[in-house]
Amino acid sequence: MSIDNPFDKLPIPPQPERELSHDEFREKLRDPSYLPTHEDISRTFKSEGLFSREWHDFCFNEESPIFEFLNEEHLSAFGEYLSQRAEALGASEDSPVTILEVGAGNGRLSHFLQQKIEAKIPGKVKVIATDSGEWSLKTSFPVETIGHEEAIEKHKPKIVVFSWMPYGADFTDDFRAAESVDEYILIGETDGGCCGDEWRTWGQSYSFDEEGGEKKKLHHISPTVSSAKILKT
């Protein structure tokens with residue numbers, strides 16, 4: 001005769017997850033569908049210097065280079081801003097606002113932005129990832145292979161996003177010229193950094209000191225608008 005043990009019917013309490021090692025967590029960060037927090041990234045790449053070898057090797061991976069280390073806080077704030085802007089531009093379920101990302105690379109930024117915006121204003125925004133394909137980057141999410149001018153003409157976006165425009169290049173003339181575009185947002189280094197063209201993108205010009213070769217900003221010829229977020233007037 002068998003006797004039922006009442007303890008066999010008790011639910012098994014959840015076991016605490018084992019904390020991942022730094023190496024294990026770095027591998028988790030390579031999962032394109034995983035969006036880490038800022039703290040996750042910070043504790044995985046601890047270094048006394050500006051850049052550690054681990055950070056360099058991780059970001060400059062030839063197969064899947066990382067230009068912008070996306071995190072939960074960044075995307076939540078960006079999604080909140082874009083949601084507010086889309087509604088200000090008249091977004092509705094019948095007439096959703098199109099946000100176009102050019103130079104989208106692997107498509108992660110557009111993927112997470114669509115998730116964040118959809119959670120706030122369902123059905124009112126369509127985020128489209130596009131890339132010229134010139135750099136032959138491996139995609140993780142849907143990315144339309146198309147040049148930026150053709151993409152703007154095809155999709156008629158209200159907002160354009162470009163993360164880490166290549167140094168020396170400038171697409172902003174085309175953004176400003178497009179009738180549909182009310183705003184474009186550039187992510188990356190500004191004003192003499194490694195993104196875009198110093199004059200055409202950021203409205204900055206420089207001269208060089210004859211003695212020391214120091215680069216100096218010429219404020220007197222800079223236009224009044226120089227920002228990573230440009231609203232077309």
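No lab work stands behind these numbers, since they all come straight from the coordinates. The model shown is predicted, which means the values in this text are computed figures rather than measured ones. With ideal geometry, Cβ positions are generated from the backbone for all residues, glycine too; neighbour counts draw on all protein chains shown.
Calculate, in whole percent, how much of the Cα-Cα pair population of region 19-66 lies beyond 15 Å. Roughly 44 percent, once rounded to a whole number. Estimated from the Cβ-Cβ distance and a Förster radius of 41 angstrom, the FRET efficiency linking R43 and Q115 is about 0.95. Distance check, please: which entries in K28/K120; K46/K138; K126/K158 exceed 19 angstrom between their Cα atoms? The pairs that break the limit, which is 19 Å between Cα atoms, are K28/K120; K46/K138. Going by neighbour counts of Cβ atoms within 10 Å, the residues K116, K156 line up, fewest first, as K156, K116. The share of alpha-carbon pairs in region 107-192 lying farther apart than 16 Å comes to 58%. Put in order of Cβ neighbour count within 10 Å, fewest first, the listed residues Y184, Y34 become Y34, Y184. For E24, E62, the sequence from fewest to most other C-beta atoms within 10 Å is E62, E24. Other residues with beta-carbon under 9 Å from the beta-carbon of S64 carry, at +1 per Lys or Arg and -1 per Asp or Glu, a net charge of 0. Qualifying GluC sites (Glu not before Pro) in region 71-137, where qualification requires a DSSP coil assignment and no more than 11 other C-beta atoms within 10 Å, comprise E93, E134.
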